[in-house]
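Only one structure is covered here, and it is reproduced in the block below.
The values are calculated or read from the model by the stated rules, or taken from the named source; none is laboratory data. All values reported here derive from a predicted model rather than from experimental measurement. Ideal geometry is used to build each Cβ from the backbone, glycine not excepted, and the neighbour counts take in all protein chains shown.
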Amino acid sequence: MGPMEQELIKPDRTPKTGEQAFGTFGIFIAAAGAGLLTLCLVGAAAVASVWAFSKMLGLPDFIIEALLVLVVIPILMATIWTGSRAWHVEQRLARGQDVDTPVFKTLFYLRQKS
């Protein structure tokens with residue numbers, strides 16, 4: 001065997017299709033993790049942006065606080081959509097289906113029966 005050739009390693013057996021860690025608890029953990037990640041990342045970016053632009057424009061503190069209260073709405077919308085989309089995708093994967101095209105409506109996946 002030359003220096004550029006590699007040996008193919010094949011598994012001894014093919015794994016059975018029912019051995020994945022899918023279940024209601026596993027699906028919940030995956031969806032909750034995706035939702036919390038979205039909450040933290042989008043929340044931090046939104047708060048930093050509001051604070052930076054407000055300080056750059058020289059706005060008083062009470063306006064900054066009012067803007068921070070308003071920015072909670074899109075943060076929660078993104079979190080709810082991401083968590084419910086993750087729940088939907090994990091359920092499809094557990095049933096052996098492929099991932100579908102996302103629908104970008106906030107409560108679409110919460111209203112849908114899986």
Inside the range 75-101, can you point out the residues that are surrounded by fewer than 13 Cβ atoms within 10 Å (Cβ to Cβ) and of a type outside the set (Ser, Thr, Tyr)? Arg95, Gly96, Gln97, Asp98, Val99, Asp100
Among (1) touching a Gly at 6+ places or on another chain (Cβ under 7 Å); (2) modelled with pLDDT under 90; (3) of a type in the set (Ser, Thr, Tyr), where does Thr14 come up short? (1)
Would you check if there is a residue in the range 20-41 being part of a loop (DSSP other than H, G, I, E, B), of a type in the set (S, T, N, Q) and either modelled with pLDDT of 95 or more or surrounded by 12 or more Cβ atoms within 10 Å (Cβ to Cβ) (or both)? yes
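Considering each residue of the range 41-58, count those that are of a type in the set (A, V, I, L, M, F, W, C) and within 11 Å of Ala78 (Cβ to Cβ), and give that number.
The qualifying residues number 4.
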Would you say Leu59 is farther than 26 Å from Gln112 by Cα, outside any helix (DSSP H, G or I) and modelled with pLDDT of 95 or more? yes
Matching residues in the range 42-73 (loosely packed, with under 12 Cβ neighbours inside 10 Å and of a type in the set (Phe, Trp, Tyr)) number 1
